[in-house]
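Worksheet for the structure shown next.
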Amino acid sequence: MGMTKVLLVTDKGILSVGHNEKVIDKLKDEGIKCVMWAETMPECPDNVVRQAADIAKKEKVRSEERRVGK
């Protein structure tokens with residue numbers, strides 16, 4: 001996958017029923033660390049999206065950009 005750490009964005013409802021655990025387990029199996037952020041909501045306002053971006057920056061969550069043919 002080319003990732004070593006991801007930000008898992010979810011909401012408290014999904015968190016409460018445990019669906020996140022399956023995702024986290026699969027990521028761990030692949031050697032990928034996971035940072036959880038469960039503050040999203042329908043029609044999420046800009047300031048909440050920025051909070052998630054700030055968490056990703058603080059936690060050094062990055063993707064590797066690969067360019068094909070360049």
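The values are calculated or read from the model by the stated rules, or taken from the named source; none is laboratory data. Since this is a predicted model, take the numbers as computed values, not measurements. With ideal geometry, Cβ positions are generated from the backbone for all residues, glycine too; neighbour counts draw on all protein chains shown. Only protein heavy atoms, including side chains, enter the accessible area calculation; ligands, DNA and RNA are left aside. Shrake-Rupley method; radii C 1.70, N 1.55, O 1.52, S 1.80 Å.
Please go through (1) open to solvent by 50 Å² or more (accessible area, probe 1.4 Å); (2) of a type in the set (Ser, Thr, Tyr); (3) modelled with pLDDT of 90 or more for residue 10 and return the number of the only condition it doesn't satisfy.
(1)
Restricting the search to region 5-27, which residues are of a type in the set (Val, Ile, Thr) and under 20 Å from residue 45 (Cα atoms)?
Selection gives 9, 10, 14.
Name the single residue that is modelled with the highest pLDDT among those in region 40-49 being surrounded by 10 or more Cβ atoms within 10 Å (Cβ to Cβ) and over 22 Å from residue 3 (Cβ atoms).
48
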